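Read the structure below first, then the notes.
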Amino acid sequence: FKTCPGRVLCKLPCSGEKEVDLAVQSAKAAFKIWSQMSGMERCRVMLEAARIIREQREEIATMETINNGKSIFEARVDIDISWQCLEYYAGLAGSLAGEHVQLPGGSFGYTRREPLGVCVGIGAWNYPFQIACWKSGPALACGNAMVFKPSPFTPISVVRLAEIFTEAGVPKGLFNVVQGGAATGQFLCQHPDVAKISFTGSVPTGMKIMEMAAKGIKPVTLELGGKSPLIIFSDSDLDNAVKGALMANFLTQGEVCCNGTRVFVERKILDTFTKEVVKCTQKIKIGDPLLEDTRMGALINLPHLNRVQGFIKQAKEQGAEVLCGGDLYVPDDPKLKNGYYMRPCVLGNCKDDMTCVKEEIFGPVMAILPFDTEEEVVERANATKFGLAGGVFTRDIQKAHRVVAALKAGMCFINNYNVSPVELPFGGYKSSGFGRENGRAAIEYYSQLKTVCVEMGDVESVF
């Protein structure tokens, strides 16, 4: 691999109905072996996969940077989160159990936690390798098999994950990768031998997947879009709040579903905060994502770059003020001249009814909005169809807990933002989806309970 902005990296054939069926049947055969192994046996294999990823961290991070365009600095973090995820679920694999319930007369009941079967994972292009680990970790720990479809824009690194699982000792076909777009995804969702679908991506696509899954009564986990609020109170640590706002808006070129892109700032510190955010945003190093000091790489592709630029143009037309950035960026290095770069943008003079404030841009665009009271900002923060995340910066810990309790969002941050420990569940409210990735909560979405009732006496018949 080498960095080739704007050029084709590789060509992969799309998996059609026949290939999807082969992948599912292969996973189904592997499931019969894997599901009969003990939790500790699965644990050892998953720990080996985590070890390989950790050992090959630099190689995989480089592959992910070329695959996606994000900085190598961020890609390393993604890979670390990935092996930590597999380690975490390896640890849970051996502890999965039901419960025993004593009933009258010496009778008893018990529950068994059983795998679902062949699960489908459909990933997004912003965190290709990490999302695949977030989905496969709990799925495999519970004894399932998985067929995974990465985004056609980032098809490469998930193939490496499949190879690593094989090297670690999973049964052949347990983690299969199919390539393609919407048609391939449709074949997966409609396949009769698929037991569950887990999707990360846009709201419109999530709705279509839910509709297809409904026809087969298949459970789904949907991790969809967001337009999350970040609330900066005047009593916050200003430097920390500014760092939080940058983390909430500019990671992975702003292409993060849980980004806090509606930055509500208490009016009395609005000017000071805005000035500092603009100053720090202008210092962000853009360019070759493989260089150590780069902090912002290229956007995923030209249509997406044009879409983000269109949002900024519309924002200006609706009265927003571009305080910095928003324009295309051409690096000095001639080999990067065709890259899809733009300067991170901060918008001022924003209003709640502007398109740039209501719709998910999915690019490096921050909208700053003033507020006066806690009650007001909570109401405005919740006035959205989304509910993925939210953040609060304040030194008043009572106020912090009070506000996050009032936010209608599945993942909230206090005095930080975009922290993703695998121990904590991640997922949204409202149109941002349902179900949870990570934490013990994910086990519930990759397993099912069987109840067994044992009668120790004679049957009490009503006949």
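The values are calculated or read from the model by the stated rules, or taken from the named source; none is laboratory data. Because the structure is a prediction, the values reported are computed rather than measured. Don't worry about glycine lacking a Cβ; one is built from the backbone with ideal geometry, like all the others, and counts go over all protein chains shown. All accessible areas refer to the heavy atoms of the entire protein, side chains included, with ligands and DNA or RNA removed. Shrake-Rupley method; radii C 1.70, N 1.55, O 1.52, S 1.80 Å.
Listing for the model above:
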item: Filter result for the condition that a residue is farther than 21 Å from A367 by Cα, crowded, with 18+ Cβ neighbours inside 10 Å and either at pLDDT below 95 or of a type in the set (A, V, I, L, M, F, W, C) (or both), over F199, F273, F264; result: F199
item: In the range 68-122, the residues that are without any contact (Cβ under 8 Å) to a residue 40 or more places away in the chain and either touching a strand residue (DSSP E or B) at 6+ places or on another chain (Cβ under 8 Å) or aromatic (F, W, Y) (or both); result: A97, E99, H100, V101, Q102
item: When residues of the range 316-331 are limited to those that are outside any strand (DSSP E or B), without any contact (Cβ under 8 Å) to a residue 40 or more places away in the chain and not hydrophobic (A, V, I, L, M, F, W, C), the one surrounded by the most Cβ atoms within 10 Å (Cβ to Cβ); result: G326
item: Strands (runs of 3 or more DSSP E) (entirely within the range 79-133) containing at least 2 residues that are touching a Gly at 6+ places or on another chain (Cβ under 8 Å) and in the same structural domain as V158 (by the TED database); result: 100-102, 108-115
item: Selection status of N259, among the polar types (S, T, N, Q), within 20 Å of the chain's Cα centre (by Cα) and under 20 Å from N418 (Cα atoms); result: yes
item: K313 part of a helix (DSSP H, G or I), open to solvent by 10 Å² or more (accessible area, probe 1.4 Å), farther than 26 Å from N240 by Cβ and at pLDDT below 95; result: no
item: Selected residue (only one of E266, E317, E321, E276 is touching a helix residue (DSSP H, G or I) at 6+ places or on another chain (Cβ under 6 Å) and among the acidic types (D, E)); result: E276
item: Long-range neighbours under 6 Å by Cβ, at least six apart or interchain, first residue under 23 Å from E64 (Cα atoms) within the range 296-314, second among the hydroxyl-bearing types (S, T, Y); result: G297/S71; A298/Y340; A298/Y341; L299/Y340; L302/Y340; L305/Y340
item: Failed condition for K135, given (1) open to solvent by less than 10 Å² (accessible area, probe 1.4 Å); (2) without any contact (Cβ under 8 Å) to a residue 60 or more places away in the chain; (3) within 15 Å of the chain's Cα centre (by Cα); result: (2)
item: Count - residues of the range 365-387 that are outside any helix (DSSP H, G or I) and either out of contact with any Asp or Glu (no Cβ under 8 Å at 6 or more places or on another chain) or open to solvent by 50 Å² or more (accessible area, probe 1.4 Å) (or both); result: 11
item: Elements of type strands (runs of 3 or more DSSP E) in the range 194-291, at least 2 residues being under 17 Å from N415 (Cα atoms) and either in contact with a strand residue (DSSP E or B) (Cβ under 9 Å, 6 or more places away or on another chain) or touching a residue at least 60 places away in the same chain (Cβ under 8 Å) (or both); result: 229-232, 262-266
item: Any pair with Cβ under 6 angstrom, 6 or more apart, that starts in the range 365-380 at a residue that is assigned by the TED database to the domain that holds V265 and in contact (Cβ under 8 Å) with a residue 12 or more places away in the chain and ends at one that is of a type in the set (K, R) and open to solvent by 30 Å² or more (accessible area, probe 1.4 Å); result: P370/R267; D372/R267
item: Residue ID - least open to solvent (accessible area, probe 1.4 Å), chosen from residues in the range 388-406 that are β-branched (V, I, T) and in contact with a Cys (Cβ under 8 Å, 6 or more places away or on another chain); result: V392
item: Tally, over the range 430-461, of residues that are open to solvent by 40 Å² or more (accessible area, probe 1.4 Å), more than 23 Å from Q102 (Cα to Cα) and outside any helix (DSSP H, G or I); result: 3
